[in-house]
1. Tell me the Kirkwood hydrodynamic radius of the chain in angstroms, computed as one over the mean inverse distance between distinct C-alpha pairs.
2. Given R₀ = 25 Å, FRET efficiency for residue 46-residue 26 by Cβ-Cβ distance, to 0.05?
3. Could you tell me which of rounded, prolate or oblate describes the range 141-213, using a ≥ b ≥ c as the square roots of the eigenvalues of the alpha-carbon gyration tensor, with rounded for a/c under 1.5 and, failing that, prolate when a/b is larger than b/c and oblate otherwise?
4. Taking the simple approach of a point 7 Å from Cα along Cα-to-Cβ for both residue 213 and residue 112, what is their distance in nm?
5. Once the Cα gyration tensor of the range 84-148 is diagonalised, what are the square roots of 5 times its eigenvalues, in whole Å and ordered largest first, as equivalent ellipsoid semi-axes?
6. If one puts a single equal scatterer on every Cα of the range 119-176 and applies the Debye formula without solvent, what log₁₀ I(q)/I(0) results at q = 0.19, 0.24 Å⁻¹?
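Each reported figure results from applying straightforward, stated rules to the coordinates on display, with no laboratory input. Computed from a predicted model, the values in this text were never measured in an experiment. A quick note on method: Cβ atoms are made from the backbone with ideal geometry, for glycine too, and the neighbour counts reach across all protein chains shown.
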């Protein structure tokens, strides 16, 4: 049996190319798909331009980490810091599919936020723009959320949202839950949290959860904890 050479003459075996794109290895895309920094975030600076537009990890590709983060970002923008009225009016006009005038010159603001794009040199709405408008228009309510499982490899969590559907699980970013709630990932399975959600969402991809937090103790429980008595 011959020994494998490790030294000046050693050549690292080539990594398999990704079958879904022409810019990355399969291993890089597997990593980038589960990272909000995409494939570019795991690539040395000198090669980053080559993978910058990789579709496998893009925020425009459904169910990538970058896509999930963008859904949350657009929803929070809509609810917490909405666009100026003239910007939103233009976005709504673009959502109709008609050619829209922009006398105020606000389209660059939509493009900067990823809500607008140029298609054949004409302003158009992006899928993220539709997410923003849905968050502006849809009812969002506080609902209980039970963390069923976490996957630290993909940085996702499976959660049950009874206010949305009793039998289905939704996938959310693990880092979002950890950051919002202040809990560590290992302690999350089985924990009930509270979040805001569009509980009328027709499917998993339209459901957006924000503001995960530990529910406040019930008044009676708080009184006992403070040394009081229950009735």
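1. 20.6
2. Computed FRET efficiency for residue 46 and residue 26 comes out at 0.75.
3. Working: a/c = 1.70, a/b = 1.47, b/c = 1.16.
Prolate is the answer for the range 141-213, as a/c is 1.5 or above and a/b outweighs b/c.
4. About 3.0 nm, to one decimal.
5. 28, 13, 10
6. -0.84, -1.01
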